[in-house]
Amino acid sequence: MEPFTPTLRVTAEVKNPFDGVSPDIAPLGSGFDNALTVILGVIWGLVLIYVSVKLLTSFVKFSGARKQGHYEEMGEHTDELKRRGVAVIAVAAFGVLIGAVLKVAGML
């Protein structure tokens, strides 16, 4: 058996078909752009309201368990409270995070 010898292969350079292409919804019209902005804003607001309500219900459960002296349930509610607090912060900071990503990507 012959020993394996690596061979150098010469390949042609492939041109990127998406070079210079960036996402843009301007061809769909300014009305679509405005409507899309409003729809995304409403969705973001509804999600923020939802996670805020969940945070408040977790706080009420935690307070109820504390008042009744159910310390074993307090641990469960503490974890839930932390997770939902982080969710509220993440949803509230979503716009800043997306703006930072777009700025770094050079799209703003």
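Observations, loosely collected:
- Split the chain at each of the trypsin sites (Lys or Arg not before Pro) in a DSSP loop with at most 13 other beta carbon atoms within 10 Å, and the longest piece is 16-108.
- Dividing the C-alpha radius of gyration of the range 45-93 by 2.2 N^0.38 Å, with N its residue count, gives 1.20.
- Ignoring aspartates and glutamates fewer than eight residues from LYS54 along the same chain, the ones with Cα atoms less than 12 angstrom from its Cα are GLU80.
- For the chain, the Kirkwood estimate of hydrodynamic radius, built from reciprocal distances between every pair of different alpha carbons, is 19.4 Å.
- Of the chymotrypsin sites (Phe, Trp or Tyr not before Pro) found in the range 1-100, those that fall in a DSSP loop while having at most 13 other beta-carbon atoms within 10 Å are PHE4, PHE18.
- Local electrostatic count at PHE59 - Lys and Arg +1, Asp and Glu -1, tallied over other residues with Cβ under 12 Å: +4
- Apportionment of accessible area to carbon and sulfur, the chain, percent (1.4 Å): 68
- Accessible area of the chain divided out per residue, in Å², using a probe of 1.4 angstrom: 87
The values are calculated or read from the model by the stated rules, or taken from the named source; none is laboratory data. All values reported here derive from a predicted model rather than from experimental measurement. Every residue, glycine among them, receives a Cβ derived from its backbone with ideal geometry; neighbour counts consider all protein chains shown. For accessibility, only protein heavy atoms count, side chains too; no ligands or nucleic acids. Shrake-Rupley method; radii C 1.70, N 1.55, O 1.52, S 1.80 Å.
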